[in-house]
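First up is the structure itself, then whatever we jot down about it.
The values are calculated or read from the model by the stated rules, or taken from the named source; none is laboratory data. Note that the coordinates shown come from a computational prediction; the quantities given were computed from them, not determined experimentally. Every residue, glycine among them, receives a Cβ derived from its backbone with ideal geometry; neighbour counts consider all protein chains shown. In case anyone asks, the SASA skips ligands and DNA or RNA and just uses the protein heavy atoms, side chains included. Shrake-Rupley method; radii C 1.70, N 1.55, O 1.52, S 1.80 Å.
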Amino acid sequence: QVQLVESGGGLVQAGGSLRLSCAISGHTFSRSFMSWFRQAPGKEREFVATIGWDGSTTYYADSVKGRFTISRDNAKNTVDLQMNNLNPEDPAVYSCAAHWHGTSAVERTYNYWGPGTQVTVSS
C-alpha cells in the first residue's frame, strides 16, 4: 500500500522560509512523478510544483516560480519543497502527490496523496 506523509509545515512570518518534506513508502519511489499541491480555505486545490522521476525535470506554478524549489532524494524516498519569501497568498494545506505515468500538473492525474501539512504566514 502506497503511503505519503508530509512534514515541515508551521507558522512563519511574511518573507520567511519553510521546508516541507514528503516521505513515500509502499512503491518504487525512484520511478515516481511527484508534485506538491495546496488548498487554501474556501478555494480549490491548486498545483504548486512537480518533479520528474530522476529530478531532471521540474515545473512550477507562476505564483511560486523563483521562490519555491522542489527536489527529491531517491535514496531516502523523499521529495522536498523549499519555500522562500513566503507571502500572505501562500497559506494553505500543502499536500504531496504521486503517480507513475509522466510529468503532470493536473490534479486528477495523481493516484496517491498525503494528508497534508498546514502552512501559515503571519504579516
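With the requirement that a residue be over 19 Å from residue 45 (Cα atoms) and part of a loop (DSSP other than H, G, I, E, B), what does segment 64-121 give you?
If the condition is that a residue be over 19 Å from residue 45 (Cα atoms) and part of a loop (DSSP other than H, G, I, E, B), then 66, 67, 74, 75, 76, 77, 84, 85, 100, 101, 102 are the ones that fit.
What number goes with the only condition from (1) closer than 14 Å to residue 6 by Cα; (2) among the basic types (Lys, Arg); (3) without any contact (Cβ under 8 Å) to a residue 12 or more places away in the chain that residue 108 does not pass?
Residue 108 satisfies every listed condition except (1).
For segment 98-114, which residues satisfy the criterion of being under 15 Å from residue 25 (Cβ atoms) and either within 12 Å of the chain's Cα centre (by Cα) or buried (at least 22 other Cβ atoms within 10 Å of the Cβ) (or both)?
98, 113, 114
Tally time: how many residues in segment 1-34 are crowded, with 16+ Cβ neighbours inside 10 Å, farther than 19 Å from residue 100 by Cβ and either among the aliphatic types (A, V, I, L, M) or out of contact with any Asp or Glu (no Cβ under 9 Å at 6 or more places or on another chain) (or both)?
Qualifying residue count, segment 1-34: 5.
What's the number of the only condition in (1) open to solvent by less than 20 Å² (accessible area, probe 1.4 Å); (2) within 11 Å of residue 49 (Cβ to Cβ); (3) of a type in the set (A, V, I, L, M) that residue 92 fails to meet?
(2)
Which residue, of 52, 114, is more than 30 Å from residue 15 (Cβ to Cβ) and touching a Ser or Thr at 6+ places or on another chain (Cβ under 7 Å)?
52 is the lone residue from the list that is more than 30 Å from residue 15 (Cβ to Cβ) and touching a Ser or Thr at 6+ places or on another chain (Cβ under 7 Å).
Looking at segment 50-75, which of its residues are at pLDDT 95 or above, open to solvent by 80 Å² or more (accessible area, probe 1.4 Å) and closer than 18 Å to residue 100 by Cα?
Hit for segment 50-75 is 59, nothing else.
Could you grab the pairs with beta carbons closer than 9 Å, sequence gap of 6+ or different chains, first residue in segment 13-41 and among the polar types (S, T, N, Q), second one loosely packed, with under 12 Cβ neighbours inside 10 Å?
13/122; 13/123; 25/1; 30/54; 30/75
From 47, 37, grab the single residue that is open to solvent by 20 Å² or more (accessible area, probe 1.4 Å), closer than 17 Å to residue 116 by Cβ and within 10 Å of the chain's Cα centre (by Cα).
It is 47.
Looking only at segment 89-123, which residues are touching a Gly at 6+ places or on another chain (Cβ under 7 Å) and among the aromatic types (Phe, Trp, Tyr)?
94, the sole residue that qualifies.
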